[in-house]
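Q: Please see the structure below; I have some questions.
The values are calculated or read from the model by the stated rules, or taken from the named source; none is laboratory data. What you see is a predicted model; the values in this text were computed from it and never measured. Ligands, DNA and RNA are stripped out before the accessible areas are found, and what is left, the full protein with its side chains, is counted by its heavy atoms. Shrake-Rupley method; radii C 1.70, N 1.55, O 1.52, S 1.80 Å.
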Amino acid sequence: MDTDAELSNSWWVRVKYYAQLAIERFEYGVESVKELLRTLTSDERWGVILEFEDVDADKFAQLVLDAPHWTEWMA
């Protein structure tokens, strides 16, 4: 039986994986990142964005410059 800690760890592992995908996809443009985020739940999207910023702050800053309305994708 899964514990809350195991579920939480599993969620973060998944989010970190998607964040890495988002960072890689950024090379292909903002729409590619947006397309990936669309497939995730709202909580996962926010987790991915937080991880993206932690892992590669420079690319995240460029994402924000390229897509100033990125927060609209998060709803």
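Q: From ARG45, ARG14, which residue is of a type outside the set (S, T, N, Q), open to solvent by less than 30 Å² (accessible area, probe 1.4 Å) and either at pLDDT 95 or above or assigned to a helix (DSSP H, G or I) (or both)?
A: ARG45
Q: Going through the stretch 39-59 one residue at a time, which ones are more than 15 Å from VAL13 (Cα to Cα) and either small (Gly, Ala, Ser) or under 10 Å from the mean Cα position of the chain (by Cα) (or both)?
A: Residues satisfying the conditions are SER42, GLU53, ALA57.
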